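No lab work stands behind these numbers, since they all come straight from the coordinates. For clarity, every value in this text was computed on a predicted model and none was experimentally measured. So basically every Cβ, Gly included, is an ideal-geometry build from the backbone, and we count neighbours across all protein chains shown.
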């Protein structure tokens, strides 16, 4: 690490110097605490504490070698702050931590795992013209053992990759895996930014999980939190007796969640965060980072009325540009609900440097539409069509995330209008529409089999629902839809080209029917939808003569609908005027392969 780059906010390798680094002569400790009067390491090997000395090369850093400190031993820093009081803190750059409520760090060093994913890493891309279908999950509540205990990283490595591959997912996205004291924060309020949570095992266990995913053809995206940190006293709060990591002003120093907001105007804080991002990508071979609450990095406290926060925007641009240079095939994803422009444009063109942005507008409009009654839907076709007005402004991911399945919002399937039996056909039509709409895909665990209970981080998903026909058939519909998404490049190749999308019908009849067409380099598909409660004889006009082959009908009996699945592929021929007529069941969608003549 270059000291001047650390002070000015341009270092991306601070973790190679700071933290606890075991070696043949013992463990070297280094911690940044510029206003501290005294710093001691208190560990299993030295409960009375070992004093550190001001580092001769890096101002503000305290360092020292402890010959008796070995891997696996717990420790913390006892810091006598500027006010004279002594507080015990975990290591900001600690690579492992004890299980809550124990807030101590663990001597671990950088994991030295022999990855076997060279072929994956060499072929990896940002998926702009390839499929990107993301399965978002919380590691502690995807599955659990019969006794209720968590799956470990190794348990997940055994079961998760094959499950995702057989369901047409390309990537897993984990809610934050950094160490956090409160289960109910889901990992978004962190004390150990560099420490994979010990709930599920060791850092090497996480390496094995990611390696197993890569060897099964599954990428791994990690949730990254560059906005705020947990306010627990042993964490970053008043670390050296001053507001070192956060703003000194309460108006902007505390987030809406009661956590501390990072002061991104300070170079050392920028290095802490951007080095952390580099750490997850470089050391663990993560294929991307989904950055949480980016709106809070664009505007003060996320409020446009407070104005743009220029220091955080500068931080974002420097961090993203640096990560793009160092990891050119990794994805940087913004969870951003604002209309701030050029979020996914390169920094050299005035953008923020992300590769993708969550399309929160599409998500809200679409779920609003499906929560409405059929009559209300007929009056609000704009909730379906509006997303294409702005679609080409950014590179979008369509998200049905954990936030839409918790806290009284109901799960995705439960949101569908009407009673239990009526939710499943609407859910099938919804997911077919989602898959056909331009943009990459993200869905939260449990939605693939129609979970109706809101997500609870303290229990596993309701896997027993597979015993019920509605859920089992819904799962198999989602499985076949995922397979078709991977098979036909019209779903994902060239989706940023407006010429590759067309509305065939924007509800011109006012009865909840829509049709859209997608083109790839090798295939063309179109979908027709009846989102209303009346069966529709649906005349369509395609661009000229051709043959349409039915790939999927959400109303097939094998998926829980009322239409028999044909024994042989069903085809329709359109004349030179491109006209053909479809029969759509209520609350259904059909996917057709189009071969022009």
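Helices in the chain, meaning DSSP H runs of at least 4 residues, each add -39500 (n - 2.57). Divided by all residues, the mean residue ellipticity at 222 nm is -7000 deg cm²/dmol. Gap in Å between the Cα centre of the stretch 120-182 and the Cα centre of the stretch 518-597? Comparing the Cα centres of the stretch 518-597 and the stretch 120-182, I get a distance of 34 Å.
Our analysis of the stretch 409-468 gives Rg over Rh at 0.97, with the two radii drawn from alpha carbon positions and Rh computed by the Kirkwood formula. Relative to the longest principal axis of the Cα atoms of the chain, helix 420-436 runs at roughly 80 degrees. For the stretch 153-264, taking the reciprocal of the average inverse distance between every pair of different Cα atoms yields a Kirkwood hydrodynamic radius of 15.5 Å. Rounded to the nearest 10 degrees, the angle from helix 153-166 to the longest Cα principal axis of the chain is 20 degrees.
Could you grab the relative contact order for the chain? Cα pairs under 8 Å, six or more apart, rounded to a whole percent. Each step should come with its number before you reach the end.
Working: 1357 pairs, mean separation 65.6, N = 597.
Relative contact order comes out at 11 percent.
The Cα trace of the stretch 453-504 gives Rg and Dmax of 17.0, 47 Å, the first to one decimal, the second as a whole number.
Its residue count N sets the reference 2.2 N^0.38 Å, and the alpha-carbon radius of gyration of the stretch 350-474 equals 1.12 times that reference.
With everything on Cα atoms, drop me the angle between helix 267-283 and the longest principal axis of the chain, reported from 0 to 90° to the nearest 10. Taking Cα atoms only, the helix is inclined about 60 degrees. Considering every alpha-carbon pair of the stretch 438-597, the percent of pairs per 5 Å bin, from zero through the bin containing the longest distance, is 2, 8, 15, 18, 19, 17, 10, 6, 3, 1, 0, 0.
Taking the stretch 301-353, how much of its Cα-Cα pair set, in percent, is spaced more than 14 angstrom apart? Percent of Cα pairs beyond 14 Å in the stretch 301-353: 56. Each of 423, 342, 71 was scored by other Cβ atoms within 10 Å of its Cβ. Arranged with the fewest first, they read 71, 342, 423. Of the residues 428, 124, the one with the fewest other Cβ atoms within 10 Å heads the list, and the complete ranking is 124, 428. Taking the centroid of alpha carbons for each part, the stretch 80-101 and the stretch 468-499 are 48 Å apart.
What relative contact order, as a whole-number percentage, does the stretch 1-122 give when Cα pairs under 8 Å and 6 or more residues apart are counted?
23
Against the empirical curve 2.2 N^0.38 Å, the C-alpha radius of gyration of the stretch 238-367 lands at a ratio of 1.08. Summary value for the stretch 459-541: 22 percent relative contact order, contacts being C-alpha pairs under 8 angstrom separated by 6+ residues. Percent of C-alpha pairs per 5 Å bin in the stretch 3-106, short distances first: 2, 13, 23, 25, 19, 12, 4, 0. For the stretch 1-56 versus the stretch 353-421, the spacing of their alpha-carbon centroids is 47 Å. Counting only DSSP beta bridges with both residues in the chain, the antiparallel share comes to about 70 percent.
As a proxy for reagent exposure, 594, 300, 280 were ordered by neighbouring Cβ count within 10 angstrom, fewest first; the result is 300, 594, 280.
Tell me, what is the FRET efficiency for residue 558 and residue 2 to the nearest 0.05, using R0 = 60 angstrom and their Cβ-Cβ distance as r? E(calc), rounded to 0.05, equals 0.45. The tail of the calculated P(r) for the stretch 164-215, taken as Cα-Cα distances beyond 17 Å, holds 43 percent of the pairs.
Would you kindly calculate the mean projected area, averaged across all directions, of the convex hull enclosing the Cα atoms of the stretch 477-524, in square nanometres? Averaged projected hull area, Cα only: 4.1 nm².
For the stretch 321-380, the Cα gyration tensor yields ellipsoid semi-axes of 35, 11, 7 Å (square root of five times each eigenvalue, largest first, whole Å).
Please report, in whole Å³, the volume per residue of the convex hull around the C-alpha atoms of the chain. Kindly include the intermediate steps, with their values, before the conclusion.
Numbers: hull volume 90.3 nm³, N = 597.
Expressed per residue, the convex hull around the Cα atoms of the chain is 151 Å³.
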